[in-house]
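Enquirer: After the structure tokens below, expect a handful of questions from me.
The values are calculated or read from the model by the stated rules, or taken from the named source; none is laboratory data. What you see is a predicted model, and the numbers here were worked out from it, not measured in a lab. All Cβ positions, glycine included, derive from the backbone under ideal geometry; neighbour counts span all protein chains shown. What goes into the accessible areas is simple: the full protein's heavy atoms, side chains included, and nothing from ligands, DNA or RNA. Shrake-Rupley method; radii C 1.70, N 1.55, O 1.52, S 1.80 Å.
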Amino acid sequence: KMVLKYGGPVPADTNKDYRMNAPQESSVDNFGSVPQLSPGKFIDLELPDSDPRAVSYVSGSAPNMWGYLADGTTVAERVLAADKKASEYDKKRRGHPLFANVALSLLSEIVNRRLFSTVRERKQLTYDANFSFTGFERLMGGWFLVTVTASKEKAQQALEACKETLHSLRKTNPITPDNLESAKRVVLNRHEGELRTTAYWSQQLMSGLQEETIPLKGPLSVTDFHAVVESITPRDLQLALETLGLDDDQLFTAIGKTITPEGFVEPEEEVVQSPVMGMRRGGALMG
């Protein structure tokens, strides 16, 4: 009352020159989506570096962190549309806000294990193969990315092995109950461990909790996490896998190789003389 008495009222049009016209209704669509890229293509890169090495990449379209695809549809909608024999219980499970988020986490874990098993252990083409999603929250749609480090001679073979692994997951070697149970243990244990950190709560769980552009993120993300993870079935993941752009004409692939810089001279190896046994204090048997 005293401010009003001594300062007077603020005119309603004080900030009219700076006012922006906000949309009448806020929806997830307002934030935009990733661009539609098709068809896929191959890129060959050469980068000057003295160390001989190579990296192979396989990428394609994918949902965002909460299951929204670039065209506005969701993982849950596509899964339900593809499963004509879904029970009422299945429809209820897949309608949970956390369904797509959990399904993609489990899918990522399973694909990573398959890549490790096929590209590294069975074909011995690499020491490291990694599968990941971009993890956008507000932007609709996203991409998956497979990264494989290999020798220059084996880079193309590693690339083909990654594509083969992704294709086999869809047809010849689908997701098994054992694959799913192993992935569930990893995802739940990681979640339990990260719940003990402040960063996980502030940056992952609580960030954007009230954002209208992330409509599926809410308190259920914390309270129902375990229940949703346990409810996921191999059938759910097999159908969710089909929401990724895995066809050959949808994939973007690349190989980056190093080339020796012009004028580079290989340094001579230094010969280091090893000590003669028995010349150190204490004789040859001492550390």
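Enquirer: Quick one: accessible area per residue over the stretch 122-274, 1.4 Å probe, rounded to a whole number of Å²?
Expert: Normalised by residue count, the accessible surface of the stretch 122-274 is 58 Å².
Enquirer: Strictly over 20 Å apart at the Cα level, which of K84/K163; K123/K152; K92/K171; K123/K163; K92/K217; K41/K171 would you flag in this model? Write out the running numbers ahead of the final one.
Expert: Details: K84/K163 29 Å; K123/K152 16 Å; K92/K171 27 Å; K123/K163 13 Å; K92/K217 17 Å; K41/K171 23 Å.
Cα-Cα > 20 Å for K84/K163; K92/K171; K41/K171; rest within.
Enquirer: While we're here: Accessible area of the stretch 143-199 with a 1.4 Å probe: how many percent of it is carbon plus sulfur?
Expert: Numbers: 1560 of 3030 Å².
Of the solvent-accessible surface of the stretch 143-199, carbon and sulfur hold 52 percent.
Enquirer: Sorted by average packing, counted as other Cβ atoms within 10 angstrom per residue and highest first, what order do 55-64, 125-134, 153-162 take? Walk me through the numbers before you get to the answer.
Expert: Details: 55-64: 23.5, 125-134: 18.3, 153-162: 20.0.
Going from most to least packed, we get 55-64, 153-162, 125-134.
Enquirer: I want to check the label-to-label distance for M2 and L145. Put each point 7 Å from Cα in the C-beta direction and report it in nm to one decimal.
Expert: Calculated label separation equals 5.8 nm.
Enquirer: Taking the Cα-to-Cβ direction at E164 and at K152 and moving 7 Å from each Cα, how far apart do the two end points lie in nm?
Expert: So the two model labels end up 2.4 nm from each other.
Enquirer: N173 to A12: FRET efficiency via 1/(1 + (r/R0)^6), r the Cβ-Cβ distance, R0 51 Å, to the nearest 0.05?
Expert: Working: r = 67 Å, r/R0 = 1.32.
Efficiency computed from Cβ-Cβ geometry: 0.15.
Enquirer: Rounded if a/c is under 1.5, else prolate if a/b beats b/c, else oblate: with a ≥ b ≥ c from the C-alpha gyration tensor eigenvalues square-rooted, which is the stretch 118-190?
Expert: Details: a/c = 1.77, a/b = 1.29, b/c = 1.37.
Judged from the Cα gyration tensor, the stretch 118-190 comes out oblate (a/c at least 1.5, b/c at or above a/b).
Enquirer: Also, I was wondering about something else. What nm value, rounded to one decimal, do you get for the distance between R113 and R190 when each label is placed 7 Å out toward the C-beta?
Expert: 1.3
Enquirer: Please list the equivalent ellipsoid semi-axes of the stretch 151-199, computed as the square roots of five times the alpha-carbon gyration tensor eigenvalues, in descending order and whole angstrom. Write down the numbers at each step before the final one.
Expert: Details: eigenvalues 197, 72, 9 Å².
Calculated on Cα positions only, the semi-axes equal 31, 19, 7 Å.
Enquirer: What's the whole-number percent of alpha carbon pairs in the stretch 58-182 lying beyond 25 angstrom? Don't skip to the answer; put the middle values down first.
Expert: On the way: 2370 of 7750 pairs.
For the stretch 58-182, the fraction of Cα-Cα distances above 25 Å is 31 percent.
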